[in-house]
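Here's the structure, in structure tokens; my notes come after.
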Amino acid sequence: LPDERWLRLVDESAALNTRNWVFLGGGEPLVRRDLMAAMITKMYSHNMNCWIHTNGTLFTTEFIENTIDKNIHLVVFSIDGPDAETNNAIRGSGFEKATANLRYFADCKKKNGQDLPALHLYATITNLTYDKLDRFAELAASMDNDIYVQLSSLLVDGEETARLALSEEQFQALPEMIDKGIQRAQELGIKTNFADY
């Protein structure tokens, strides 16, 4: 859809008393960063909220600074490894940009004295990460103690995802790795959903 139609949809949704928007899926939403910024500003004028699920690489400092106080309630960063080597083996690239942008969001929140947006580090459990869950907690703590670490199960839907699936042996070891991750997160004061696994 053209930008103008998206912006009209915000107005039409306001007329229907819509309160929440989600920027998610269909590729990376920040590919249309300028449109997102305009939509967020328009949503804010209608007292709407939104959350963003992103790979985190396409934020700019200008985007963050201009939208952080406009009712963004949650920003979820998909980061699939606790270090560049692991993340980039899965995603191809982007670890440095994503973590820098997550850190900048956290810094801006502190500078502005804001509680929102909540910031989540969203990681999929793979055969490259199942034994590094404690390091996701350490990564979050290295940026800000308010970053929530959220694990997700891998959805195997083809050859590309099948290569990342846990072996039976890795699956059997997963509870021990989760316990290790829970313990480390508790030591660091990081909140997680690890206990759900």
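Here are some notes:
- Neighbourhood charge, 9 Å Cβ-Cβ cut-off, centred on Leu133 and excluding it, Lys, Arg +1 and Asp, Glu -1: +2
- FRET efficiency, Leu155 to Ala89 (Cβ-Cβ, R0 25 Å, nearest 0.05): 0.85
- For Ser78, nonlocal amide neighbours, meaning residues 5 or more places apart or on other chains whose placed amide H falls under 5 Å from its own, are Thr54, Asn55, Gly56, Tyr122.
- Peptides 106-116, 145-155 ordered by average Cβ neighbours within 10 Å, highest first: 145-155, 106-116
- For the residue pairs Lys111/Lys191; Lys109/Lys132; Lys70/Lys110; Lys70/Lys97; Lys132/Lys191; Lys70/Lys191, alpha carbon separations beyond 20 Å are given by Lys111/Lys191; Lys109/Lys132; Lys70/Lys97; Lys70/Lys191.
- Entry note, region 1-84: relative contact order of 31 percent, from Cα contacts under 8 Å with a spacing of 6+ residues.
- Surface composition of region 141-197: carbon plus sulfur atoms hold 47% of the accessible area, using a 1.4 angstrom probe and ignoring ligands, DNA and RNA.
- Note that the chain presents 52 Å² accessible area per residue, ligands and nucleic acids not counted, probe 1.4 Å.
- As a length-normalised measure over Cα pairs under 8 Å and 6 or more apart, the relative contact order of region 21-134 settles at 26 percent.
- Fraction in percent of alpha-carbon pairs per bin - 5 Å, region 1-71: 3, 16, 29, 27, 18, 5, 1
- Tail fraction, Cα-Cα pairs, the chain, threshold 22 Å, whole percent: 50
- Close amide H pairs (under 5 Å, H built 1.01 Å from N) link Trp21 with Asn49, Cys50, Trp51, residues at least 5 positions away or on another chain.
The values are calculated or read from the model by the stated rules, or taken from the named source; none is laboratory data. Computed from a predicted structure; not experimentally measured. Heads up, the Cβs are rebuilt from the backbone with ideal geometry, glycines too, and the neighbour counts pull from every protein chain shown. Each accessible area value is taken on the protein alone, full model and side chains, heavy atoms only, with ligands, DNA and RNA left out. Shrake-Rupley method; radii C 1.70, N 1.55, O 1.52, S 1.80 Å.
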